[in-house]
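The values are calculated or read from the model by the stated rules, or taken from the named source; none is laboratory data. Please read these numbers as outputs of a predicted model, since none were measured by experiment. Counting neighbours? That spans all protein chains shown, and the Cβs are built from the backbone with ideal geometry, glycine included. These accessible areas exclude ligands, DNA and RNA; they are computed on the full protein's heavy atoms, side chains included. Shrake-Rupley method; radii C 1.70, N 1.55, O 1.52, S 1.80 Å.
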Amino acid sequence: PLAGRRILATGAATGIGAAAVRVLHEAGAKLAATYHRTAPADDAAPVAWLQCDVRDAEAVNAAFRNAVAELGGLDVLVNAAGLWQPGVPGQITSDEIDFLLQTNVKGTILTNQAAHAAMRGHGGRIINFGSSEAVMGSPFSAVYAATKGAVQAWTRSAAKAWGADRVTVNALAPAVQT
């Protein structure tokens, strides 16, 4: 069912993003994928790889322009770019707060807006990654949990704003047990 679907996956060199790219490639999707500092593994799926810092609006817009040109349009954004970081309440620095807000919240907003701009004329799907920690809270990664709560709120807001453009916006909330 994904044959020919034009999909851009962000944060795709490692973790959930890399797993998504492998599965989508095997399902026949036409893919572009972004990475930031960690280049894709040698055995990564053979897709159009683009370097992109999702915290930088110009870099996001350039990556989306390149992906749309490479794919011939955009049907789906799998927005897996984001980071987990420990942070115990009462011991969190201002720099740690800024880093996670920039990466997880600003990065989500910038990539989603770029995807919407590419999809507005024909519709599409945006899939963000929240976290179960956004609902449950976390005494060990409190700022991460807060940023993923913001991703959930953004996702609901964008879904309401862009539904008339036939662009759906949803978030997955994975739970990791170690």
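Of the residues Ala175, Ala145, Ala134, only one is farther than 21 Å from Ala115 by Cα, touching a Lys or Arg at 6+ places or on another chain (Cβ under 7 Å), not in a strand (DSSP E or B) and not polar (S, T, N, Q); which?
Ala134
Inside segment 34-73, can you point out the residues that are part of a helix (DSSP H, G or I) and open to solvent by 50 Å² or more (accessible area, probe 1.4 Å)?
Hits for segment 34-73 are Glu58, Asn61, Arg65, Asn66, Ala69, Glu70.
Of everything in segment 5-33, what is open to solvent by 10 Å² or more (accessible area, probe 1.4 Å) and in contact (Cβ under 8 Å) with a residue 60 or more places away in the chain? Give them in sequence order.
Arg5, Arg6, Gly11, Gly15, Ile16, Ala20
Take the residues of segment 102-146 that are β-branched (Val, Ile, Thr) and open to solvent by 20 Å² or more (accessible area, probe 1.4 Å): which is nearest to the chain's Cα centre (by Cα)? Full working, then the answer.
First, pick out the residues of segment 102-146 that are β-branched (Val, Ile, Thr): 103, 105, 108-109, 111, 126-127, 135, 143.
Checking which are open to solvent by 20 Å² or more (accessible area, probe 1.4 Å) leaves us with 105, 109, 127, 135, 143.
Values: Val105: 10, Ile109: 9, Ile127: 7, Val135: 19, Val143: 18 Å.
The residue in question is Ile127.
Just to be sure, is Asp43 modelled with pLDDT under 95 and out of contact with any strand residue (DSSP E or B) (no Cβ under 9 Å at 6 or more places or on another chain)?
Yes: the conditions hold for Asp43.
Would you tally the residues in segment 1-28 being acidic (Asp, Glu) and closer than 15 Å to Leu172 by Cβ? Step through it out loud before you land on a result.
Of all residues in segment 1-28, those acidic (Asp, Glu) come to 26.
Checking which are closer than 15 Å to Leu172 by Cβ leaves us with none.
Count: 0.
Please specify each residue of segment 147-161 satisfying the condition of being open to solvent by 30 Å² or more (accessible area, probe 1.4 Å) and in contact (Cβ under 8 Å) with a residue 24 or more places away in the chain.
Within segment 147-161, Ala150, Trp154 qualify.
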